[in-house]
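A.B. asks: Can you read through this structure? Questions will come right after.
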Amino acid sequence: MADETKEAASEKTVVIGSGAAMSASGGHAVVIAQPRPVAPPILPKVSRRGVVIVGFWSALGLMLAGIGYTIVDMLYPRGIIPFEREIVVGTVDSLVPGKPVKIVDAKTWLVMMDAETARRNNGQEGAILALYQKCPHLGCSVPWREDVTREDERSGESYTGWFLCPCHGSTYSAAGVYVFGPAPRSMDTFLVTITDGKITVNTGKRTAGTTSNGARGVLPG
């Protein structure tokens with residue numbers, strides 16, 4: 001009986017935390033400890049008003065930055081090509097006699113005169129003209145109107161196909177010769193050169209239009 005009491009006294013059980021208890025003999029205690037739980041971080045409280053204020057100033061700052069960038073970009077444009085220069089506008093075989101072609105880069109109407117255009121404007125059949133697209137009156141862009149029939153006041157002949165200013169009605173023949181309206185003169189012309197079938201328009205060489213525009217045409221070759 002005494003031996004059993006000694007054996008019971010020599011066995012100790014120690015429990016720490018919520019872990020399971022284990023026994024050890026020889027007077028030694030076995031401790032099983034559970035790790036302490038880590039507390040979650042405490043985040044600062046953000047009010048709705050604070051969010052609105054931050055959003056407002058951020059949006060305002062972005063808007064002002066965009067406006068500033070746009071102004072600077074307009075004041076200091078990049079990559080601008082000067083207008084007054086020599087421009088290769090096409091080839092002779094791409095033109096159809098009596099059918100003006102708009103050349104956007106050169107702001108030009110390129111015209112190869114057919115027999116009728118040459119006769120009406122004292123030119124040569126097959127000659128090529130480069131007409132500045134701006135009306136000499138107030139600078140409006142003048143379109144070619146193949147569907148318009150008018151009387152040519154120079155001869156009393158009526159026919160279809162005119163340059164007709166949409167702003168104030170100034171009317172010009174297929175060679176850019178003035179026939180009607182408030183314009184002070186005929187459409188201006190650019191210098192044309194033809195080399196190996198390639199047509200070059202020099203927009204830096206502009207001549208005021210006159211009734212002799214047709215004679216300014218350049219023959220290929």
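The values are calculated or read from the model by the stated rules, or taken from the named source; none is laboratory data. Bear in mind the structure is a predicted one, so any value in this text is a computation, not a measurement. Every residue, glycine as well, gets a Cβ built from its backbone with ideal geometry; the counts of neighbours run over all protein chains shown. Just the protein is used for accessible areas: all its heavy atoms, side chains included, with ligands, DNA and RNA removed. Shrake-Rupley method; radii C 1.70, N 1.55, O 1.52, S 1.80 Å.
A.B. asks: As I understand it, the dipole of the stretch 63-221 uses +1 on the Cβ of Lys and Arg and -1 on the Cβ of Asp and Glu, about the Cα centre. Which of Gly98, Leu219, Gln133 lies farthest toward its positive end?
C.D. replies: It is Gln133.
A.B. asks: Also, I was wondering about something else. Quote the Stokes-Einstein diffusion coefficient, in whole µm² s⁻¹, for the stretch 109-221, based on the Kirkwood radius over alpha carbon pairs, a temperature of 37 °C and a viscosity of 0.692 mPa s.
C.D. replies: On the way: Rh = 14.0 Å.
Translational D for this selection: 235 µm²/s.
A.B. asks: With the Cα gyration tensor of the stretch 123-176 giving a ≥ b ≥ c as the square roots of its eigenvalues, does the rule (a/c under 1.5 for rounded; else a/b larger than b/c for prolate; else oblate) give rounded, prolate or oblate? All intermediate terms of the calculation are to be shown ahead of the outcome.
C.D. replies: Details: a/c = 1.86, a/b = 1.16, b/c = 1.60.
Judged from the Cα gyration tensor, the stretch 123-176 comes out oblate (a/c at least 1.5, b/c at or above a/b).
A.B. asks: Compute, for Arg154, the solvent-accessible surface of its heavy atoms (probe 1.4 Å) with the complete set of protein chains present, and express it in square angstrom to the nearest 10.
C.D. replies: The accessible area comes out at roughly 100 Å².
A.B. asks: Taking all protein chains as present, what is the carbon and sulfur share of the accessible area of the stretch 81-221, in % to the nearest whole number, probe 1.4 Å?
C.D. replies: Numbers: 3460 of 6920 Å².
Exposed carbon and sulfur together represent 50 percent of the surface.
A.B. asks: Something else about it: Quick check: the distance between the Cα centres of the stretch 109-138 and the stretch 156-207, to the nearest angstrom?
C.D. replies: Between the Cα centres of the stretch 109-138 and the stretch 156-207 lies a distance of 6 Å.
A.B. asks: Quick one: accessible surface of Val192, probe radius 1.4 Å, all protein chains present, in square angstrom to the nearest 10.
C.D. replies: Val192 exposes around 10 Å² with every protein chain in place.
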